[in-house]
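Since the structure comes first, as structure tokens, the remarks are kept for the end.
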Amino acid sequence: MHRWEAYGGCPDAAALTALLDGDADAETRAGLEEHVRRCGACAAEIEAARRARAALRAVASDLLAPADLQLRVRARLRRADRPARLRRWAIAGAIAAAVAVVALVSALQLTSGGAHAVSAATVARAHTDETLGRWPVTFASSDPVAVAAWVQAQTGRTIDVPDYSASGYTLSGVRREQRVDPNAVTLVYLGAAGRLTCTVVSGDPSLQGFAAVENTPGVRYAWTDGVGVAAWWSPDTLYLLAGDISADAAVRLASAVNPSY
């Protein structure tokens, strides 16, 4: 058994990065590759990392460090007391580093140029495809402390796990939800009415396809593809509830996270 199978079911980000970089030893690589073949969440994480690296390389290939920065780097390195051959390598390396910095900044500007949008249709599809599928969770547990610890290990984030037991729903586990947001996680609950999902997204993304709920300004609701989706915020966190729920039921469930609703 590999260590990630003993502790939480999935390898951590460092292990996946080692696999992507080709730095894992043969035994570890074989175990990681087998896990990724079986785990949709980790496969999606690997694919997202590959796309991000490809995008960064594409940005970098079209960029040069600004001319004044190149001149300053060259002048400073020439003043150093180093052999000429070493100095040429240092100049080339410094300029390459400058290009990488410019590329990284440009990539971040491209990805953060507008507020990230969360679509009601995307949340509904995730509920239909994953929550109602054979493997609704990656980490199965009814213990909110264990689920929060898994999220912390996977994303580096600390979340509050809502308790919907008063509404007849019991926590059954959690999964990554990268189709909604790179760091989103989805909590899955079981009840007499079926499965309910609560996707937790950090930050303050914009919403698409939602409408305001009458007399409850803080809650948005959508009915799309046969799935009810509700959205509301607590400080720096967006909650997205999906299932066979009406707008009124969504408001009642939202009050479990934010009693002001």
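So is ASP204 surrounded by fewer than 17 Cβ atoms within 10 Å (Cβ to Cβ), within 30 Å of PRO11 (Cβ to Cβ) and of a type outside the set (Val, Ile, Thr) or not?
Numbers: surrounded by fewer than 17 Cβ atoms within 10 Å (Cβ to Cβ): yes; within 30 Å of PRO11 (Cβ to Cβ): no; of a type outside the set (Val, Ile, Thr): yes.
Criteria not met by ASP204.
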Report summary line: ALA192 passes all but one of the listed conditions (1) under 20 Å from GLY133 (Cα atoms); (2) touching a Ser or Thr at 6+ places or on another chain (Cβ under 9 Å); the exception is number (2)
Requested in this report: Output the number of residues of region 114-135 satisfying the condition of being buried (at least 20 other Cβ atoms within 10 Å of the Cβ) and either without any contact (Cβ under 8 Å) to a residue 12 or more places away in the chain or outside any helix (DSSP H, G or I) (or both).
Outcome: 1
Report task. May I ask you to list the residues in region 165-179 that are touching a Phe, Trp or Tyr at 6+ places or on another chain (Cβ under 7 Å) and of a type in the set (A, V, I, L, M)? Result -> LEU171, VAL174
Query raised in the report: Could you say whether any residue in region 166-189 is part of a helix (DSSP H, G or I), assigned by TED's automatic domain parsing to the domain that holds THR138 and small (Gly, Ala, Ser)?
Result: yes
Query - Test result for THR158, within 27 Å of GLN208 (Cα to Cα) and without any contact (Cβ under 8 Å) to a residue 12 or more places away in the chain - result: yes
Report summary line: Of the listed residues (PRO144, PRO162), the one being touching a Phe, Trp or Tyr at 6+ places or on another chain (Cβ under 9 Å) and either assigned by TED's automatic domain parsing to the domain that holds TRP233 or over 23 Å from VAL36 (Cα atoms) (or both) is PRO162
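The values are calculated or read from the model by the stated rules, or taken from the named source; none is laboratory data. This one's a predicted model, so the numbers in the text were calculated from it and none came from an experiment. Please note: Cβ atoms are built from the backbone with ideal geometry, for glycine as well, and neighbour counts cover all protein chains shown.
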